[in-house]
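Working notes, beginning with the structure itself.
Please treat every number below as a calculation from the coordinates, not as lab data. Bear in mind that the values here come from a model prediction, so they are computed numbers and not experimental data. Cβ: placed from backbone, ideal geometry, glycine included. Neighbour counts: every protein chain shown.
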Amino acid sequence: MQNLAILAFDDVAFFELGCAVELFALPRPSLDDWYKCDLVSFSAGPLKTTAGFHICARQIDNLDPFTTLVIPSWPTTLSPVPEPIARAVLQFHAQGKRIISFCSGAFLLAELGLLDGRTATTHWAYSDLFKSRFPKVNCIDDVLYVYDGLLGCSAGSSAAIDLCLEMIRDDYGYKTANQIARAMVLSAHRKGGQAQFAETPIAQGNSQFHNAVDWALKNLDKTIHIDIFAQKANMSRRTFDRKFRADFNISAKEWLTHQRLNLAKEILEGKNCSIENVAAQAGFDNATTLRHHFRKEFGISPTLYRKNFNPLVNA
């Protein structure tokens, strides 16, 4: 089990803190194993949030019990990092444990020198300030997140969720990350420093458009012509195309490819069948088409992906 700490302090960003709590601290009774999560602080509470009200956290003097540290935010001023936090975070990193930051939380990591020589990101509003203050860090501002398995940072509030889903996928697999994404009703497709897809949630309601999307998800292994897709939604092709892009920010054809890649990854993680069979189950014309799209999106072949993420392969 992963023991995860969420760092709280005076003026912690409430929304980002809430994202971490929602993703990691809520009980998941449908899962056999989940994070053991604590909200911690190096100072006595109660602690004020950016929303103006106060919270309580478990006061600690070290991070020894934990395997992952989440930093929801950090002041962008030039104030020095409090010595207890600096000492504990540096020791935590030296032990090879994982640290992820949201939004301005990258300022804490950079202030401690943990991002020197690395690629990182932060909210676009802080990007120029970050670059000027930390010239040893390769700060990029056109991605949602950067994550290498031990250090991660997200570009902003909602991008923190994308980073967390990537971490969950690493820890518990693609299917579990999908379940969490669907429960949170996330958008269809968001792309970060690494390709990141979440199973498309279907909005509540019985509109024909949403029923058509649900139909497509249930029939990914079959040929789906966009004209038929539009008919299922009881729309003209032009209206359907406009509605689809407005809702999902991509075309229906691109969306179908992404969903089939989602399905292919799930099959690769859970089964040991041939790549040709994976392609057929995921709705691709053939294995060559699957390999093309898979490598284009993820920079890795389906075979190597299965080797890395399917425990059956090396059993």
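Quick check: pseudo-label points 7 Å beyond the Cα along Cα→Cβ at T288 and D247, how many nm apart are they?
With each label placed 7 Å out from Cα toward Cβ, I get 3.5 nm.
Once label points are set 7 Å from the Cα along Cα→Cβ at both Q95 and V81, what is their separation, rounded to one decimal in nm?
The modelled label-to-label distance comes out at 1.6 nm.
Distance in nm between label sites at L312 and R133, each 7 Å beyond Cα in the beta-carbon direction?
4.9 nm
Would you mind estimating how fast the chain diffuses translationally, via Stokes-Einstein at 37 °C and 0.692 mPa s with the Kirkwood radius over Cα pairs, in µm²/s?
For the chosen part, D equals 155 µm²/s.
For K253, give me every one of the lysines with a C-alpha distance below 19 angstrom, ignoring sequence neighbours fewer than eight places off in its own chain.
Within the straight-line limit of under 19 Å, K253 reaches these lysines: K191, K218, K222, K232, K243, K265, K296.
So what's the angle, to the nearest 10 degrees on a 0 to 90 scale, between helix 157-172 and the longest Cα principal axis of the chain?
80 degrees
I need the P(r) histogram for region 202-315: all alpha carbon pairs, bin width 10 Å from 0 out to the longest distance, whole percents.
With a bin width of 10 Å, the distribution comes to 14, 41, 27, 15, 2, 0.
With unit charges on the beta carbons (Lys and Arg positive, Asp and Glu negative) and the dipole taken about the Cα centre of the chain, which residue among Y147, G270, A8 sits farthest to the positive side?
Toward the positive end, the furthest listed residue is G270.
Compute the FRET efficiency between H210 and M1 as 1/(1 + (r/R0)^6), taking r as their Cβ-Cβ distance and R0 = 35 Å, and round to the nearest 0.05.
0.40
In whole Å, what three semi-axes, largest first, describe the equivalent ellipsoid of region 3-183 built from its Cα gyration tensor (square root of 5 times each eigenvalue)?
Taking √(5λ) for each eigenvalue gives 23, 20, 16 Å, largest first.
What does DSSP give for the chain in terms of the percent of beta bridges that are antiparallel, rounded to the nearest 5?
Around 25 percent antiparallel, to the nearest 5.
Mind listing the long-range amide H neighbours of A155? Cut-off is under 5 Å, sequence gap 5 or more, other chains count too, H placed in the peptide plane at 1.01 Å from N.
C103, Y145
Quick check: residue separation of M184 and S274 times 0.36 nm, minus the Cα distance between them. What number comes out in nm?
Separation in residues times 0.36 nm, less the Cα-Cα distance, equals 29.1 nm.
I need the phi-derived Karplus couplings for region 222-233: 6.51 cos²θ - 1.76 cosθ + 1.60, θ = phi - 60°, integer Hz, Gly and Pro marked x.
10, 6, 10, 7, 5, 4, 5, 4, 5, 4, 4, 8
If r is the Cβ-Cβ distance from A125 to K175 and R0 is 25 Å, what FRET efficiency results, to the nearest 0.05?
Working from the Cβ atoms, E equals 0.10.
Taking K and R as +1 and D and E as -1, what net charge do the other residues with C-beta under 13 Å from the C-beta of F14 add up to?
Counting the neighbours of F14, the net charge comes to -3.
Report the net charge of residues surrounding T122, where surrounding means a beta-carbon distance below 14 angstrom and charges are Lys +1, Arg +1, Asp -1, Glu -1.
Around T122, the charge tally is -2.
Non-local amide H neighbours of Q59 (under 5 Å, H modeled in plane, Pro and chain starts lacking H): which ones?
Amide H neighbours of Q59, under 5 Å, 5+ apart: S41.
Across region 293-302, in residue order, what do the Karplus-derived ³J(HN,Hα) couplings come to in whole Hz, using 6.51 cos²θ - 1.76 cosθ + 1.60 with θ = phi - 60° and x for Gly and Pro?
5, 5, 5, 4, 7, 10, x, 8, 7, x
Calculate how many DSSP beta bridges within region 3-183 are antiparallel, expressed in % of all such bridges and rounded to the nearest 5.
Roughly 20 percent of the beta bridges in region 3-183 run antiparallel, per DSSP.
What number, rounded to the nearest 500 deg cm²/dmol, is the helix-based mean residue ellipticity at 222 nm of the chain, given -39500 (n - 2.57) per DSSP H run of at least four residues and division by all its residues?
Taking each H run of at least 4 residues, the total per residue is -12500 deg cm²/dmol.
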